[in-house]
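Notes for the one structure printed next.
The values are calculated or read from the model by the stated rules, or taken from the named source; none is laboratory data. Source: prediction; values computed, not measured. As a convention, Cβ positions derive from the backbone with ideal geometry for all residues, glycine included, and neighbour counts pool all protein chains shown.
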Amino acid sequence: MDFTVAQIAKMIDHSILRPELTSDDVRAGCAVAARYQVASVCVRPCDVPLAVSLLRGSGVLVGTVIGFPHGSASTAMKVAETVAMRASGADEIDMVINIGWLRSGDIAAVEAEIGAVVAAAGDAKVKVILETAFLTNEQKLAACWASERAGAAFVKSSTGFAPGGANIDDLALMRSAVSPKVRVKASGGVRTLDQILAMASVGVTRFGSSATAEILADVARRVPLVAAVPALRD
């Protein structure tokens with residue numbers, strides 16, 4: 001079939017996370033999200049109430065980040081932050097794992113922490129950010145397995161604040177590590193339609209990007225696309 005702007009938009013979490021962004025920047029980002037009907041916005045915790053008020057009734061979900069960007073907050077702090085964000089109206093939770101625990105081999109602690117955040121999130125989907133730039137392939141696999149056992153809805157490649165972001169090899173490995181009930185999100189340096197199409201071809205179904213308008217303008221220019229990307233089919 002022909003791929004549309006709307007189809008690809010629903011695979012995008014519009015990222016509004018940079019530390020220097022003003023309230024006006026958040027408003028502008030939410031306007032982009034509403035205009036294009038993306039899956040969600042992903043905003044800083046302090047911006048959740050504003051995003052919720054701006055996007056109420058729009059069909060665009062509000063997501064936020066927990067333990068961001070380093071993952072080094074205590075489990076109790078991550079749980080408290082999750083509870084507070086849910087109370088503020090966040091629909092989705094993107095949490096950063098404790099990278100140091102994972103690299104130390106304490107998989108049980110990593111899994112327990114993910115499970116605690118999943119429990120605190122209630123019916124909100126939890127996306128677990130692995131920060132793959134810091135991990136070996138074995139650690140990436142272990143993190144994916146722990147995320148699925150703990151009840152995560154997604155495994156996610158990166159925060160966008162590490163030395164490296166999403167790449168095809170990591171995403172394919174992550175997709176192979178989890179069952180079909182767990183989805184894969186690419187983030188960190190996702191700025192073009194060609195990247196999205198390539199990543200979708202290995203099973204990625206959600207993309208974090210701040211280049212939403214540019215990506216979707218490219219879709220509009222190039223429709224109908226000829227590449228067969230199963231993840232984008234009806």
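Collect the residues in segment 1-28 that are surrounded by fewer than 22 Cβ atoms within 10 Å (Cβ to Cβ), in a helix (DSSP H, G or I) and in contact (Cβ under 8 Å) with a residue 40 or more places away in the chain, keeping them in residue-number order.
VAL5, GLN7, ALA9
Which one is nearest to the chain's Cα centre (by Cα), of the residues in segment 195-220 that are free of Cβ contacts under 8 Å to residues at least 60 places away in the same chain and over 24 Å from VAL182 (Cα atoms)?
Here the answer is ALA211.
Might you let me know whether segment 31-38 holds any residue that is among the hydroxyl-bearing types (Ser, Thr, Tyr) and surrounded by fewer than 16 Cβ atoms within 10 Å (Cβ to Cβ)?
Our first condition is that a residue be among the hydroxyl-bearing types (Ser, Thr, Tyr); within segment 31-38, this holds for 36.
If we keep only those that are surrounded by fewer than 16 Cβ atoms within 10 Å (Cβ to Cβ) too, we end up with none.
Checking segment 31-38: not a single residue is among the hydroxyl-bearing types (Ser, Thr, Tyr) and surrounded by fewer than 16 Cβ atoms within 10 Å (Cβ to Cβ).
Just the residues that are in a helix (DSSP H, G or I), closer than 30 Å to PRO19 by Cβ and either touching a Lys or Arg at 6+ places or on another chain (Cβ under 8 Å) or aliphatic (A, V, I, L, M) (or both), please, taken from segment 174-203.
Step one: of segment 174-203, the residues in a helix (DSSP H, G or I) are 174-177, 193-200.
Subset that is closer than 30 Å to PRO19 by Cβ: 174, 193-196, 198-200.
Matches in segment 174-203: MET174, LEU193, ILE196, ALA198, MET199, ALA200.
Which number in (1) more than 20 Å from ALA33 (Cα to Cα); (2) within 16 Å of the chain's Cα centre (by Cα) marks the one condition that ALA186 misses?
Only one criterion is unmet by ALA186, namely (1).
Among the numbered criteria (1) without any contact (Cβ under 8 Å) to a residue 60 or more places away in the chain; (2) within 19 Å of ARG175 (Cα to Cα), which single criterion is violated by VAL118?
Here VAL118 meets the rest and fails (2).
State whether one or more residues within segment 216-227 are in contact with a Lys or Arg (Cβ under 7 Å, 6 or more places away or on another chain) and buried (at least 16 other Cβ atoms within 10 Å of the Cβ).
No, every residue in segment 216-227 fails to be in contact with a Lys or Arg (Cβ under 7 Å, 6 or more places away or on another chain) and buried (at least 16 other Cβ atoms within 10 Å of the Cβ).
Do you know which residues across segment 40-66 are crowded, with 17+ Cβ neighbours inside 10 Å, out of contact with any Ser or Thr (no Cβ under 9 Å at 6 or more places or on another chain) and among the small types (Gly, Ala, Ser)?
Correct list: SER40 only.
So which of VAL52, VAL5, VAL26 ends up being at pLDDT below 95 and over 17 Å from the mean Cα position of the chain (by Cα)? Explain how you work it out, then say what you get.
Values: VAL52 fails: at pLDDT below 95; VAL26 fails: at pLDDT below 95.
Sole residue among the options that is at pLDDT below 95 and over 17 Å from the mean Cα position of the chain (by Cα): VAL5.
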